[in-house]
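**Q** Here it is, the structure in full.
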Protein chains: 2
Amino acid sequence: MVTHDSNTQHISAQFDHELEEIKARMLEMGGMVEQQVSSAVHSLVEKDPDQAERVVSRDHDVNMLEVEIDDDCSRILARRQPTASDLRLVLAISKAISDLERIGDEAAKIARQSITLCEEGASPSGYVELRHIGNHVAGMVHDALDAFARLDVDMAIQVAKEDSQVDKEYGSAMRSLMTYMVEDPRVIGSVLKEMWALRALERVGDHACNIAEYVIYLVKGLDVRHLEISDLIAQLEEK
Amino acid sequence: MVTHDSNTQHISAQFDHELEEIKARMLEMGGMVEQQVSSAVHSLVEKDPDQAERVVSRDHDVNMLEVEIDDDCSRILARRQPTASDLRLVLAISKAISDLERIGDEAAKIARQSITLCEEGASPSGYVELRHIGNHVAGMVHDALDAFARLDVDMAIQVAKEDSQVDKEYGSAMRSLMTYMVEDPRVIGSVLKEMWALRALERVGDHACNIAEYVIYLVKGLDVRHLEISDLIAQLEEK
């Protein structure tokens, strides 16, 4: 907004500052859940129940952060009544924190499986694929947040592309886990727990992909949810 | 807002009408996903792959409805700049449709498992518990939407209470399914598919519970996410 009224300028600068601050808090929350996912996977692979317990107890902090940032969003909407790209930013942040909170939930679920697996004996798989998929989706969360910080649409598209890759890796990991169950029914319980952990990781990838889509909505004003990746790229090229 | 300016009154009446309309569309979307959940469960229990195919293909309509209503919410925020309870209503609708869309996704997942189970042979469980949990969570979606329509906090609390009941039923169903796997490894594949369907139903219950929480937020201005049900009731009694 161009204005020569110094008071209006002042208010506008203050508003920009509030928007930057809420975005910074969202990215901070993002860093926190990314760490939660990595720690949960690490606790499982390294059979470290203490680390898993820490992930479960930190989930409360993640939840509280979501409520706080969401309150900030409502307050900005009520007091500043933003329009156009400012409004889109607040709405995108409000949606992104809900995905981040759910990523935190999935990390806590993995940590709970990890605790039981440490107690009852590990899955016979050696967690090779789980570790790989865990690294992959933690990287996606990181990249989606980076894309948000820099408003980088290319990076956001890259995250959306990786999600279909993760889905393939997940399908293949599930099939190989099933063979362990068929070979030895005594491991069914532990393999099932690993499957739940894998399923949670696959959902983390979905949420990272959602965040990437908000970046595209934010930059292009284009709602790309529910599009196939090829259609998405086509729509962006038309713009 | 009390005003004697007929022009302002006119705008205000029009705004109320817009709010009622967006709420009606959200409830219509809710009815659609409730039906999707029931049809998906029915297709599985009755081994009806055609019905399951219809659920999968209707998921696209649910997704489009979310995008449309979300656009309406953004437009109202930008043009009407609502505050206080009007703002809370728009934000609650915007969150609720995201849960409804995810309920639709879960219904489509159940329908996909149903199609494969019809092709490859049913699970040996007879789907007794799945049918029961399916009815339970479809009822929760219905009640959460009813609570939203009437702004009925007591009904919303009831939905939140039922969610912990569903979690128990889910845990018991999973344990009984595991015994089928242990007894006969040949059924592992089909039982796993039933487990995925059950997991999806459990998540439908979670989303219904989220919607119930938005009703409380809407009526009481109180964010009750992440509270245990007993703490929730205690907090409401303090108000």
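**Q** Being within 14 Å of another protein chain (Cβ to nearest Cβ) and hydrophobic (A, V, I, L, M, F, W, C), is that true of even one residue in the stretch B:147-168?
**A** No, the conditions are met nowhere in the stretch B:147-168.
**Q** Checking B:D99 against (1) among the acidic types (D, E); (2) free of Cβ contacts under 8 Å to residues at least 60 places away in the same chain; (3) closer than 13 Å to B:G30 by Cα: exactly one of these is not met. Which one?
**A** Every listed condition holds for B:D99 apart from (2).
**Q** Would the stretch A:48-70 turn up any residue that is within 11 Å of chain B (Cβ to nearest Cβ), among the hydrophobic types (A, V, I, L, M, F, W, C), surrounded by fewer than 16 Cβ atoms within 10 Å (Cβ to Cβ) and under 23 Å from A:H142 (Cβ atoms)?
**A** The answer is yes, given that some residue of the stretch A:48-70 is within 11 Å of chain B (Cβ to nearest Cβ), among the hydrophobic types (A, V, I, L, M, F, W, C), surrounded by fewer than 16 Cβ atoms within 10 Å (Cβ to Cβ) and under 23 Å from A:H142 (Cβ atoms).
**Q** If a residue has to be among the acidic types (D, E) and free of Cβ contacts under 8 Å to residues at least 40 places away in the same chain to count, how many in the stretch A:105-164 make the cut?
**A** As a first pass, look at the stretch A:105-164 and keep what is among the acidic types (D, E): A:105-106, A:119-120, A:129, A:143, A:146, A:152, A:154, A:162-163.
Cutting the leftovers down to free of Cβ contacts under 8 Å to residues at least 40 places away in the same chain gives us A:146, A:154.
Selection size over the stretch A:105-164: 2.
**Q** How about the stretch B:121-138: which of its residues are surrounded by fewer than 17 Cβ atoms within 10 Å (Cβ to Cβ) and part of a helix (DSSP H, G or I)? Reasoning before the result, please.
**A** Narrowing the stretch B:121-138 to residues surrounded by fewer than 17 Cβ atoms within 10 Å (Cβ to Cβ): B:121, B:124, B:126, B:128, B:131-132, B:135.
Matches in the stretch B:121-138: B:V128, B:R131, B:H132, B:N135.
**Q** Scan A:I216, A:I211 and give me the residue that is assigned to a helix (DSSP H, G or I), within 14 Å of chain B (Cβ to nearest Cβ) and touching a Phe, Trp or Tyr at 6+ places or on another chain (Cβ under 8 Å). Walk me through it before giving the result.
**A** Details: A:I216 fails: touching a Phe, Trp or Tyr at 6+ places or on another chain (Cβ under 8 Å).
A:I211 is the lone residue from the list that is assigned to a helix (DSSP H, G or I), within 14 Å of chain B (Cβ to nearest Cβ) and touching a Phe, Trp or Tyr at 6+ places or on another chain (Cβ under 8 Å).
**Q** Could I ask something else about it? Being within 17 Å of B:Q9 (Cα to Cα) and of a type in the set (K, R) is the filter here; which residues of the stretch B:71-86 pass it? Show your work before the answer.
**A** Narrowing the stretch B:71-86 to residues within 17 Å of B:Q9 (Cα to Cα): B:79-83, B:86.
B:R79, B:R80 - these are the residues of the stretch B:71-86 that are within 17 Å of B:Q9 (Cα to Cα) and of a type in the set (K, R).
Conditions tested, residue by residue: (1) away from chain B (no Cβ under 14 Å); (2) in contact (Cβ under 8 Å) with a residue 40 or more places away in the chain.
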| residue | (1), (2) |
| --- | --- |
| A:Q14 | yes, no |
| A:Q35 | yes, no |
| A:S43 | yes, yes |
| A:E46 | yes, no |
| A:I76 | no, yes |
| A:R79 | no, no |
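**Q** Of all residues being polar (S, T, N, Q) and away from chain B (no Cβ under 12 Å) in the stretch A:81-116, which is surrounded by the most Cβ atoms within 10 Å (Cβ to Cβ)? Just the residue, please. Let's see the steps before the verdict.
**A** Looking only at the stretch A:81-116, we keep the residues that are polar (S, T, N, Q), and these are A:81, A:83, A:85, A:94, A:98, A:113-114, A:116.
Next cut, away from chain B (no Cβ under 12 Å) only: A:113-114, A:116.
On the way: A:Q113: 24, A:S114: 30, A:T116: 15.
Only one residue fits best here, namely A:S114.
**Q** For the stretch B:108-126, give me each residue that is under 26 Å from the mean Cα position of the chain (by Cα), closer than 17 Å to B:Y180 by Cβ and not polar (S, T, N, Q).
**A** The answer is B:L117, B:G126.
**Q** Going by the structure shown, is B:R203 within 17 Å of the chain's Cα centre (by Cα), in a helix (DSSP H, G or I), of a type outside the set (A, V, I, L, M) and surrounded by fewer than 20 Cβ atoms within 10 Å (Cβ to Cβ)? First the steps, then the outcome.
**A** Working: within 17 Å of the chain's Cα centre (by Cα): yes; in a helix (DSSP H, G or I): yes; of a type outside the set (A, V, I, L, M): yes; surrounded by fewer than 20 Cβ atoms within 10 Å (Cβ to Cβ): yes.
Criteria met by B:R203.
**Q** Please determine, by comparing only the residues of the stretch A:181-190 that are within 10 Å of chain B (Cβ to nearest Cβ) and assigned to a helix (DSSP H, G or I), which one is farthest from B:R186 (Cα to Cα).
**A** To start, the set of residues in the stretch A:181-190 that are within 10 Å of chain B (Cβ to nearest Cβ) comprises A:181-186, A:188-189.
When the remaining residues are screened for being assigned to a helix (DSSP H, G or I), the result is A:181-183, A:185-186, A:188-189.
Values: A:M181: 10, A:V182: 7, A:E183: 10, A:P185: 11, A:R186: 14, A:I188: 13, A:G189: 16 Å.
Result: A:G189.
A short reminder: the numbers here are calculations on the coordinates, not readings from a lab. Predicted model, so just to flag it, every value in this text is computed and none were measured. With ideal geometry, Cβ positions are generated from the backbone for all residues, glycine too; neighbour counts draw on all protein chains shown.
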